[in-house]
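Student: Quick one: structure below, then a few questions.
Bear in mind these aren't lab numbers, they're just calculated from the coordinates by the rules spelled out. Please read these numbers as outputs of a predicted model, since none were measured by experiment. Neighbour counts run over all protein chains shown; Cβ positions are idealised from the backbone, glycine included.
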Amino acid sequence: MDARRTVLVSALLGWGVNIVALLVIDELFDSVAIGRWGSILLGAAVLGLANAFVKPVLAILTLPVILLTLGLAYFALNVLMLALAEWIAPDFKIDGFWTYVGATIVVWLVNWILNTFLGRGD
């Protein structure tokens with residue numbers, strides 16, 4: 001498999017994992033409402049792109065705060081990435097701080113389980 005195909009397959013698998021994660025949080029939390037499939041597909045794409053491009057830049061910029069808070073600020077970056085996906089995707093609503101926290105944990109857990117199952121875990 002050439003390099004471009006490998007990158008494309010990896011990106012599509014990551015997108016699929018994020019789709020499953022959003023479906024799980026939509027099912028688990030009453031205060032999460034994701035509309036039609038278009039919202040799920042766009043939300044998963046935004047989440048994947050934000051985690052790939054925006055979060056590393058923010059992590060470098062906030063590294064002293066991350067170290068000072070023993071990683072708690074890094075968790076806040078994960079919440080921020082989920083909030084960004086909610087903000088951009090239509091018909092995607094998360095209500096309440098604790099729902100954001102729980103949804104972020106569930107998204108992380110689903111990503112970890114599926115990536116381990118698919119052999120993509122580091």
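Student: Nearest 20 debye, what's the magnitude of the dipole of the chain about its Cα centre given +1 on Lys and Arg Cβ and -1 on Asp and Glu Cβ?
Tutor: Details: 6 positive and 8 negative charges, 76 e Å.
Magnitude of the dipole: close to 360 debye.
Student: Can you run phi through the Karplus equation (6.51, -1.76, 1.60; θ = phi - 60°) for the stretch 83-96 and list ³J(HN,Hα) in whole Hz, with x for Gly and Pro?
Tutor: Working through the residues one at a time gives 5, 5, 4, 5, 5, 7, 6, x, 6, 10, 10, 10, 10, x Hz.
Student: For the stretch 50-122, what is the Kirkwood estimate of the hydrodynamic radius, computed as the reciprocal of the mean inverse distance between distinct Cα atoms, to one decimal in Å? Each step should come with its number before you reach the end.
Tutor: Numbers: mean 1/r = 0.0747 Å⁻¹.
After inverting the pairwise mean of 1/r, the radius is 13.4 Å.
Student: A follow-up question, please. With Kirkwood's inverse mean 1/r over C-alpha pairs for Rh, give me the Rg to Rh ratio of the stretch 3-117, two decimals please.
Tutor: Values: Rg = 14.2 Å, Rh = 14.5 Å.
Here the Rg-to-Rh quotient is 0.97.
Student: Place a label point 7 angstrom from the Cα of residue 98 along the Cα-to-Cβ direction, then list the residues of the stretch 29-43 whose backbone nitrogen is under 19 Å away.
Tutor: 29-33
Student: Out of 109, 94, 12, whose Cα points farthest toward the positive end of the dipole of the chain (charges: +1 Lys, Arg; -1 Asp, Glu; placed on Cβ)?
Tutor: Looking along the dipole axis, the top candidate is 12.
Student: Quote the FRET efficiency, to the nearest 0.05, computed for residue 37 versus residue 2 with a Förster distance R0 of 30 Å and r equal to the Cβ-Cβ distance. The partial results should precede the final answer.
Tutor: On the way: r = 31 Å, r/R0 = 1.03.
With a Förster radius of 30 Å, E is 0.45.
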